[in-house]
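Let me begin by presenting the structure, written as C-alpha cells, before commenting on it.
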C-alpha cells in the first residue's frame, strides 16, 4: 500500500478507491474526483379518486295541512267548522247534523270520516 493511502487512516483504502482518490507515492498529493450526482426528474402522480355519490331514499311525505280559516278545523281540507258539532259523509248513513263531501284528512280525524286511514275522508 502506498504512503498516500496510509495517510487516509480511518477512511481506509477501499473507501478511498471508491471515492476516486489515488496516490502513487508520498510525493504525490491526494486528488479527489467528486462523483456525479444524478437526481431523477420524474414526478410520480397518483390518480385522483372519484367522489362517492349517494342517493337518499326517503319515506313518503304526508302533506302538511294548509292554514285553515280561523273557524275551520285544521285536520280537514275545505272548511269543516270547529264548533259545528259532528260531521258525517253526505253519501253515508250518518245522522249529522253536518254533512260533507270528500275531504283530505291531515293528522287526527275527530269526525271519523277517514275509516280506511288513507288520508281521504268521505271518498267514494
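Before moving on, here are some points about what is shown:
- Residue count for region 106-124, restricted to those that are outside any loop (DSSP other than H, G, I, E, B) and more than 16 Å from residue 81 (Cβ to Cβ): 1.
- Residue within region 60-71 that is modelled with pLDDT of 80 or more and assigned to a loop (DSSP other than H, G, I, E, B) present: yes
- Any hit, region 75-90, residues being loosely packed, with under 12 Cβ neighbours inside 10 Å and more than 45 Å from the chain's Cα centre (by Cα): yes
The values are calculated or read from the model by the stated rules, or taken from the named source; none is laboratory data. Owing to the predicted nature of the structure, the values given are computational and were not obtained by experimental measurement. Ideal geometry is used to build each Cβ from the backbone, glycine not excepted, and the neighbour counts take in all protein chains shown.
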